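Engineer: Starting off with a structure, shown below.
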Amino acid sequence: MHGRPSLGYQLGLAVVAVVMVLLPAVYVGLVLLVGWGVWYHATSHFFLVQGGHAWWLGWPLWFGPLLVGEFLILSLVLPLLARGEPAPPAMASSLTSPASARLTSVAPGSLRGSAV
């Protein structure tokens with residue numbers, strides 16, 4: 001079965017490739033949409049804090065979504081700016097390490113309790 005992959009398999013690969021290319025654009029679009037929603041709420045619903053009988057209720061209704069929206073934007077953007085962990089140090093080959101050289105140079109039967 002070393003022939004050419006089936007048409008369905010190739011179409012599936014193409015769909016996955018297109019979706020993978022579009023995912024960053026969707027992510028940026030989500031960040032922009034949340035930012036626009038925060039801006040819209042801050043500018044269009046300012047009447048909630050402009051006096052009236054229930055001004056004490058207007059401040060939380062106006063300021064709460066601003067805090068939640070900004071927290072959401074930060075939560076979406078900060079992982080993009082984070083640095084990765086440094087790579088672990090390279091490990092020596094187990095055959096060339098001094099410990100493995102000592103273990104392989106032990107004569108059979110020289111270990112106490114050895115059954116060899």
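Engineer: Which residue is farthest from residue 80 (Cα to Cα), if the candidates are limited to the range 20-62 and must be surrounded by 13 or more Cβ atoms within 10 Å (Cβ to Cβ) and of a type in the set (Gly, Ala, Ser)?
Structural biologist: Here the residue is 58.
Engineer: Consider only pairs whose beta carbons are under 6 Å apart and that are at least six residues apart or on different chains; among these, list those whose first residue lies in the range 71-97 and is on the phi > 0 side of the Ramachandran plot and hydroxyl-bearing (Ser, Thr, Tyr) and whose second residue is part of a helix (DSSP H, G or I) and at pLDDT 85 or above.
Structural biologist: none
Engineer: Further question: Going residue by residue through the range 77-98, is there one that turns out to be part of a helix (DSSP H, G or I) and modelled with pLDDT under 80?
Structural biologist: Among the residues of the range 77-98, at least one is part of a helix (DSSP H, G or I) and modelled with pLDDT under 80, which makes the answer yes.
Engineer: To continue, here is another question. Show the residue pairs meeting these rules: Cβ distance below 9 Å; 6+ apart or different chains; first residue within the range 21-34 and more than 14 Å from residue 72 (Cα to Cα); second residue part of a helix (DSSP H, G or I) and at pLDDT 95 or above.
Structural biologist: As it stands, the answer is none, since no pair meets every condition given.
The values are calculated or read from the model by the stated rules, or taken from the named source; none is laboratory data. No experiment lies behind these values; they were computed from the predicted model shown. Because the Cβ atoms are built from the backbone with ideal geometry, glycine has one as well, and the counts that use them run over all protein chains shown.
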